[in-house]
1. Test residue A:167 against the criterion of being more than 30 Å from residue B:103 (Cα to Cα) and either in contact (Cβ under 8 Å) with a residue 60 or more places away in the chain or touching a strand residue (DSSP E or B) at 6+ places or on another chain (Cβ under 7 Å) (or both), and give yes or no.
2. Which number in (1) of a type in the set (D, E, K, R); (2) at pLDDT below 95; (3) open to solvent by 50 Å² or more (accessible area, probe 1.4 Å); (4) under 26 Å from residue A:218 (Cα atoms) marks the one condition that residue B:213 misses?
3. Being in contact (Cβ under 8 Å) with a residue 24 or more places away in the chain, in the same structural domain as residue A:280 (by the TED database), of a type in the set (Gly, Ala, Ser) and within 25 Å of residue A:125 (Cα to Cα) is the requirement here; does residue A:49 meet it?
4. Restricting attention to segment A:246-280, which residues are open to solvent by 30 Å² or more (accessible area, probe 1.4 Å) and either away from chain B (no Cβ under 11 Å) or of a type in the set (A, V, I, L, M) (or both)?
5. What tally of residues in segment B:2-57 results from selecting those that are polar (S, T, N, Q) and either closer than 13 Å to residue B:84 by Cβ or open to solvent by less than 10 Å² (accessible area, probe 1.4 Å) (or both)?
6. Does segment A:287-304 include one or more residues that are away from chain B (no Cβ under 11 Å), open to solvent by less than 10 Å² (accessible area, probe 1.4 Å) and at pLDDT below 95?
7. Could you check residue A:239 against (1) in contact with a helix residue (DSSP H, G or I) (Cβ under 8 Å, 6 or more places away or on another chain); (2) away from chain B (no Cβ under 11 Å); (3) without any contact (Cβ under 8 Å) to a residue 12 or more places away in the chain; (4) polar (S, T, N, Q) and say which number it fails?
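The values are calculated or read from the model by the stated rules, or taken from the named source; none is laboratory data. Note that the coordinates shown come from a computational prediction; the quantities given were computed from them, not determined experimentally. Positions of Cβ are backbone-derived with ideal geometry, glycine not excepted, and every protein chain shown enters the neighbour counts. For accessibility, only protein heavy atoms count, side chains too; no ligands or nucleic acids. Shrake-Rupley method; radii C 1.70, N 1.55, O 1.52, S 1.80 Å.
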Protein chains: 2
Amino acid sequence: MKIGIDMMGGDFAPLEAVRGIRQYLQDGQAHLLLLGDEAQVAPLLEQEGIPAGKYTLVHAPQVIDMHEHPTRALKEKQQSSIAIGFHLLASGKMDAFISAGNTGAMLVGSLYALKPLEGVLRPTISTIIPKENGKTGLLLDVGLNSDCKPEHLNQFARMGSIYARHILGIDNPRVALLNIGEEEGKGNLLAQATYPLLKANTELNFVGNVEGRDILLDKADVMVCDGFTGNIILKLAESLFEIAKQKQIDHEYFNRFNFENYGGTPVLGISKPVIIGHGISKSMAFHNMITLAQKMIYTGVMQQMSI
Amino acid sequence: MKIGIDMMGGDFAPLEAVRGIRQYLQDGQAHLLLLGDEAQVAPLLEQEGIPAGKYTLVHAPQVIDMHEHPTRALKEKQQSSIAIGFHLLASGKMDAFISAGNTGAMLVGSLYALKPLEGVLRPTISTIIPKENGKTGLLLDVGLNSDCKPEHLNQFARMGSIYARHILGIDNPRVALLNIGEEEGKGNLLAQATYPLLKANTELNFVGNVEGRDILLDKADVMVCDGFTGNIILKLAESLFEIAKQKQIDHEYFNRFNFENYGGTPVLGISKPVIIGHGISKSMAFHNMITLAQKMIYTGVMQQMSI
């Protein structure tokens, strides 16, 4: 099992990536391919005492910056850590790829360097939702697909359900449509047309609509919406942690909105695991992303999403 | 100035409505038309010591329940407090109408019993957003228009801006488009098409896009979105207060998510002020709604929204 890590991505690269790797290697089993500038990364690996047999350092002299245009940067910077990462992933030389770098470039790479899974109309990204009773839910799409059709939401529901089962460990996950009313027939045109598809989908444990007030309650395990709505909810939720911290509201529940806890966002519906971290990822986030990649490879969750 | 109040609407009617009226009358100037079942309301008015000269009790023997079908109920229950309220409002016998009753019936009444203002394509409803720095923003639409066109959002921006100026007392309010990216050109098809309209609208102080993470920050005074997205944000925000209360997180900021503080939601873009309260409204909410109605009449804010 080989997991590739972009050592140059994120505000605190490469040092925090190296520290996350050290934490992971305390009990992680995968061999790590570290993609980055040798001159910067190698001394840090030594400094942090990373055992030589556990990784292969792959020299990538270029870096795609956070604000570069994704498609153009990927095309022009073939020797960047992200471009090399997708090349190695697509050619079968590694089994998963992690980066806290340019999100757009990671998405473009996921969609175009890799194949979508058989039958998947649109790959998607999700976020963990901390439920107020301590449980964990999944919300998707959170920004990859800002305009959606009902059949897309139906597939997101299925992929989210498979992910919740295999990765979050939720048996028979309850799937709900995020909507602005409880009854069937409520909502905008998209929600109205999506409801009957979800209801008829025998692969889902569909429990109906949930509203904005239910997002943080334990009404459903998987909540489906278009990527515009989902992205706004995700970023609002992230801001809650920041605001609570800034106001010194130190409560366990709001601490769970620290998305660093969850590592990163996997792209669902593509042939291999790709995990996109926050730009502000620190060692814990890198550690968690590598662990998540290992679990995704081990469970074969992605392959189960093909139709 | 005559303000009509539905005495039968809401979970705690009519007692909490009466108590709100008593609070209002400590310095409020409007004459109040109280619509409700005389046998239930009159003894409470006496019990709570409401001065007789300050109100007119209008007997309304029927009640539209919270879960009745709005259009059907309004049609069949002509003697209900809500139906009589809209009749008095439309015929000029009162200047504003307040109810914490069936929201759907209040919206149907607002749209069909009253005229929309000249040039207004779609009336809208908004919510107050407590900013983390203590200021107050406005978000609209929050559920009246679940599918929108760019020209609708452009009008919501204008109406929200007028409301923010006259009612919230914000000079030259900063108007933003709620979106999933900072730059022009980002977002779903609706947001992409709305941005240039807002940018070209010389009546607005347009400051560009804001994202989900900015909703609670002081980036803009008026934030515009479709009613599907807005309703989900509103209900998520309401749930924050409930969750904080339940977890005994007693912090001033989360207390500001107690929407009872703000009274109710005015319907914007119709000929006269209609204010819709929560079903759980208590005396403070009624008091605040009457005060808001008085301010809306006094400033003539609604008329300024005609085009």
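1. The answer is yes for residue A:167.
2. Against the list (1) of a type in the set (D, E, K, R); (2) at pLDDT below 95; (3) open to solvent by 50 Å² or more (accessible area, probe 1.4 Å); (4) under 26 Å from residue A:218 (Cα atoms), residue B:213 comes up short only on (2).
3. Here the answer is no, as residue A:49 does not meet what is asked.
4. Within segment A:246-280, A:255, A:256, A:258, A:260, A:261, A:262, A:265, A:271, A:272, A:278, A:280 meet the criteria.
5. Number satisfying all stated conditions: 1.
6. Within segment A:287-304, one or more residues are away from chain B (no Cβ under 11 Å), open to solvent by less than 10 Å² (accessible area, probe 1.4 Å) and at pLDDT below 95.
7. For residue A:239, the failing item is (2).
Listed here are the residues, each with its yes/no results for (1) touching a strand residue (DSSP E or B) at 6+ places or on another chain (Cβ under 6 Å); (2) under 24 Å from residue B:78 (Cα atoms).
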site: B:2; (1), (2): yes, yes
site: B:7; (1), (2): yes, yes
site: B:13; (1), (2): no, yes
site: B:24; (1), (2): no, no
site: B:28; (1), (2): no, no
site: B:35; (1), (2): yes, yes
site: B:39; (1), (2): no, yes
site: B:43; (1), (2): no, no
